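Student: Let me give you the structure first, and then I'll get to my questions.
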Amino acid sequence: MKLRRALKHLVTPDAIALRPFPKAAIDRIEQAITRSEQTHSGELKLALEAGLEPLDVLRGMSARARALDVFTRLRVWDTDGNSGVLVYLQMVDHRIEIVADRGIDRRVAQAEWDAICRRMEAAFRASRFEAGVIEAVGEITALLARHFPPGEHNPDELPDRPVVLL
């Protein structure tokens, strides 16, 4: 099973895996994130990755482990209120993970993030990639606005542009 998965990651071209997210879709998702962050003091980051390194797959790297690594590499944790949220899309395995910083993790149960991931996966199965992400941004916005309302000073601490990891 690991070998089959590793081969899939090896032979799937990034351009094919990332085809559901052309530049125009990335632009619209960025706009949704920008609007979202005006309603709460959290920071939202979206990372898209086609596939993993085959050796990492053979070593058993899960999408969750990779999402935690990306959370660290993109410094989503580096916000004043520990209020960063990463939405990680791993396209070859069709996996979605949401990682919330410790300030948010104390107030929002992992089950709520997992439910958002499952709804996004359902949208993706219906080929509604952009809409699925934008709907998820809306759900995340509602959670963050409830638990982290915007303060008088609400800096934009992380770039709103989704990151494509190659």
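Student: By how many degrees, between 0 and 90 and to the nearest 10, does the Cα long axis of helix 2-11 differ from the longest principal axis of the chain?
Tutor: Its long axis makes an angle of about 80 degrees.
Student: Calculate the dipole size of the range 45-93 relative to its Cα centre from +1 charges on Lys and Arg beta carbons and -1 charges on Asp and Glu beta carbons; express the result in debye to the nearest 20.
Tutor: Details: 6 positive and 7 negative charges, 11 e Å.
Approximately 60 debye in magnitude.
Student: Taking only Cα atoms and a 10 Å spring cutoff, compute GNM fluctuations for the chain and point out the largest among Met91, Met61, Met120.
Tutor: In this elastic network of the chain, the residue with the biggest mean-square fluctuation among Met91, Met61, Met120 is Met61.
Student: A follow-up question, please. Viscosity 1.306 mPa s, temperature 10 °C: Stokes-Einstein D of the range 82-166 from its Kirkwood Cα radius, in µm² per second?
Tutor: My calculation gives 115 µm²/s for D.
Student: I've got another one for you. Could you identify which residue out of Ile33, Ile16, Ile96 has the top mean-square fluctuation in a GNM of the chain using Cα springs shorter than 10 Å?
Tutor: Sorting by GNM fluctuation, first place goes to Ile16.
Student: For the range 1-105, run through the trypsin sites (Lys or Arg not before Pro) and keep only the ones in DSSP coil with at most 14 other Cβ atoms within 10 Å of their Cβ.
Tutor: Numbers: sites: Lys2, Arg4, Arg5, Lys8, Lys23, Arg28, Arg35, Lys45, Arg59, Arg64, Arg66, Arg73, Arg75, Arg95, Arg102; in loops: Arg59, Arg75.
In loop regions of the range 1-105 (DSSP not H, G, I, E or B), the sparsely surrounded trypsin sites (Lys or Arg not before Pro) are Arg59, Arg75.
Student: Taking every pair of alpha-carbon atoms in the chain, give the share separated by more than 24 Å as a whole percent.
Tutor: 32 percent
Student: Return the FRET efficiency for the residue pair Ala131, Gln38: r is the Cβ-Cβ distance, R0 is 22 Å, and the value is rounded to the nearest 0.05.
Tutor: Working: r = 21 Å, r/R0 = 0.96.
Efficiency, rounded to the nearest 0.05: 0.55.
Student: Is there a quick way to get the dipole size of the chain? I mean about its Cα centre, with the Cβ of Lys and Arg at +1 and of Asp and Glu at -1; what is the value in debye to the nearest 20?
Tutor: 820 debye
Computed from the coordinates by the stated procedures, all read-outs in this text should not be read as laboratory data. On a predicted model such as this, the values are computed, not experimentally measured, just so you know. Glycine also receives a Cβ, built like all others from the backbone with ideal geometry; neighbour counts cover every protein chain displayed.
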